[in-house]
Structures are given as structure tokens and as C-alpha cells.
Amino acid sequence: MSPSAPYPAIRTRRPLFLILLLTAGLAVCSGDRSWAATVYGGKWQQLETRHAVLLFESSEVLAGFDRQIRYRPGQDTARELRQTAGGAGDSDISGKVDALFMRVQEILDMRRKMEKVTIKIYPDSAALQEVYQRLFHRENAMRAWYLFEKNTIYVSVADLHEGMLAHEMAHAIIDHFFAVRPPSSTAEILARYVSKHLDE
């Protein structure tokens, strides 16, 4: 076969491929929903912090999350946060989430850049249980959990506190710190250690 034989066929198909790609791109961009809404099925609003992406259904749910997380960082963590965090909107919520994340890293001594963890915030325990059943096809007794495959923490505003969120953040940090994920029992011991020592 001649080396030049395949190329004319590719050249004749490329414009059609580019036209289809451009059309698909325009179809996505021309909608009046935001990128985040398109990706998450038009249901989720998004607040991005330095270390996390918060997904929530309404401003009321986000306000509830803010009330439930009462973490006030220590002086050193707060100073580091002021030096590194951007001044985005909802800065008090972003500040609390990032300070909590950095405190968990500090307790574990696992400071490493990692992909932002997603935190899906549900309005109540019933909604959270429904999601668990859809994901795992069984009943759930957990009040919150972290799913490595989606790098996502699942919580309910109705049943949440900073120790619980720190515990789930610990799972995310531990699972991404090592080249090989530790056994789940080891990760759970470390996550419980974080909860216990959070306010020290």
C-alpha cells in the first residue's frame, strides 16, 4: 500500500468531523444554563473554594451548611488562609471549609496538593438516604460518607457538624496522599483520630 493512500480519505472526512464537533460545542454553549448547571443536570449550584467544590440545591441549603459548620481555625491556620485564599464571594463559608481542610491536613501531617474534593450538600437525611440507595442499591445507616471513585463527600445539612465533615475530609486526603490507598480499616482509624483532635 502506498504511504500516501490513507491521507486523502482522512482529509476528506476531517471537515465533516470539525463541523460536527463545532455544532455540538455551540449546542452546549448556547443554552441559558450555567456550565455547572449543565454538568450537574440543572439541579446543583456551585461554590468553589481553594480545596473544595460545594454543590447545593439552593441558597437556603448553603446557609444551613454555614450554620452547622462552626469551626473557627487557630491563629496559624487562619494566617495561612488569609495569605493563600482568594477573595471570592461567600468568603466566610469558603474560609471555614478551607481552614477545616488545612487543619485536617495538619493533624494527619499529609500536606500535599490534590484535586479539589466535591462536597454534595443535601437538605435532609431522607434525600441523603435516597442517594445512597441509588448509588449502592442497599439501605444506609451512615450519616455522611466519602466516595473515592467520585472524589465526593455526601452530607446532609439536617445532620452535620464540623467534626463529621473533617472526618470525611480525612478520608479524601488519606486516599489521595499515598501511591496505594491504605486499607479502609486503617483509613477509618486515621479519620477518627482527626475527629478527636480537631480542636486541639
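List the residues whose amide H sits under 5 Å from the amide H of Thr49, counting only those 5 or more places along or on another chain, with H placed 1.01 Å from N in the peptide plane.
Leu54
Would you please put 167-179, 112-124 in order of how densely packed they are, using the mean number of other Cβ atoms within 10 angstrom per residue and starting with the highest?
Numbers: 167-179: 20.2, 112-124: 17.3.
Going by the mean number of other Cβ atoms within 10 Å, highest first, we get 167-179, 112-124.
Assuming 0.890 mPa s and 25 °C, estimate D for the stretch 96-200 with Stokes-Einstein, Rh taken as the Kirkwood radius over Cα pairs, in µm²/s. The partial results should precede the final answer.
Details: Rh = 14.1 Å.
The diffusion coefficient I find is 174 µm²/s.
Glu60 to Lys196: extension gain in nm, 0.36 nm per residue of separation minus the Cα-Cα distance? Intermediate results must be reported in sequence, preceding the final value.
Working: separation 136, 0.36 × 136 = 48.96 nm, distance 2.97 nm.
Between Glu60 and Lys196, full extension yields 46.0 nm more.
Sort Arg192, Arg138 so the one with the fewest other Cβ atoms within 10 Å of its own Cβ comes first. Before the final figure, lay out each step's value.
Numbers: Arg192 12, Arg138 7.
Exposure proxy ranking, most exposed first: Arg138, Arg192.
Each reported figure results from applying straightforward, stated rules to the coordinates on display, with no laboratory input. Since the structure is predicted, the reported quantities are computational estimates derived from the model, not experimental observations. Cβ coordinates were reconstructed from backbone atoms using ideal geometry, including for glycine residues, and neighbour counts include every protein chain displayed.
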